[in-house]
Amino acid sequence: MIFFYGRRSLLMKSFQLTDIGIFSDVPDFVRFELRQEYAHLYWIPFFPLGKMWCVRKSDDKLYEVSSEVLPLLKALPHPTVSWMAFLGPILLAVVFLLFQIGVFK
């Protein structure tokens, strides 16, 4: 049996330049993104691994945030962890409860 496992990330929140106080136009900039990294099994998230700040540019790729901007981003209000990163254990608990109450006989 082949297991498909690995690491991915999901978008938690995004910010524009004006949200951190930069009002000048920056070429190729789209937005800042706070992303939740998680471990997955068969593409179902099981547990979070960490958070990362990224910049999404007009080429639709993610880039690392510079160290000068990172303290400004961390000061913005943002969620601590996404419940979506725990989807695997939530699904397992629901299936277990359904078996316990006798839905699947």
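Using the structure shown, decide if Met84 is open to solvent by 50 Å² or more (accessible area, probe 1.4 Å), part of a strand (DSSP E or B) and among the aliphatic types (A, V, I, L, M). Answer is no for this residue. Might you check whether a residue that is under 25 Å from Tyr5 (Cβ atoms) and touching a His at 6+ places or on another chain (Cβ under 9 Å) occurs anywhere in region 44-63? Yes, because at least one residue in region 44-63 is under 25 Å from Tyr5 (Cβ atoms) and touching a His at 6+ places or on another chain (Cβ under 9 Å).
Residues in region 87-105 that are more than 19 Å from Pro48 (Cβ to Cβ), of a type outside the set (Lys, Arg) and open to solvent by 90 Å² or more (accessible area, probe 1.4 Å): Phe96, Leu97, Phe99, Gln100, Ile101, Phe104.
Give the residues of region 45-70 that are assigned to a strand (DSSP E or B), farther than 20 Å from Thr80 by Cα and open to solvent by 60 Å² or more (accessible area, probe 1.4 Å), sorted by residue number.
At the first step, the residues of region 45-70 found to be assigned to a strand (DSSP E or B) are 45-57, 62-64.
Those left that are additionally farther than 20 Å from Thr80 by Cα: 56-57, 62-63.
If the condition is that a residue be assigned to a strand (DSSP E or B), farther than 20 Å from Thr80 by Cα and open to solvent by 60 Å² or more (accessible area, probe 1.4 Å), then Lys57, Leu62, Tyr63 are the ones that fit.
With respect to the stated conditions, Leu34 fails to be surrounded by 11 or more Cβ atoms within 10 Å (Cβ to Cβ), in contact (Cβ under 8 Å) with a residue 12 or more places away in the chain, farther than 30 Å from Thr18 by Cβ and of a type outside the set (Val, Ile, Thr). Looking across region 32-44, the residues that are in a strand (DSSP E or B) and either on the phi > 0 side of the Ramachandran plot or within 14 Å of the chain's Cα centre (by Cα) (or both) come down to Phe32, Glu33, Leu34, Arg35, Gln36, Glu37, Tyr38, Ala39, His40, Ile44.
The values are calculated or read from the model by the stated rules, or taken from the named source; none is laboratory data. Computed from a predicted model, the values in this text were never measured in an experiment. We place every Cβ from the backbone using ideal geometry, glycine too, and count neighbours over all the protein chains shown. Just so you know, the surface numbers come from the protein's heavy atoms only, side chains and all, with ligands and any DNA or RNA stripped out. Shrake-Rupley method; radii C 1.70, N 1.55, O 1.52, S 1.80 Å.
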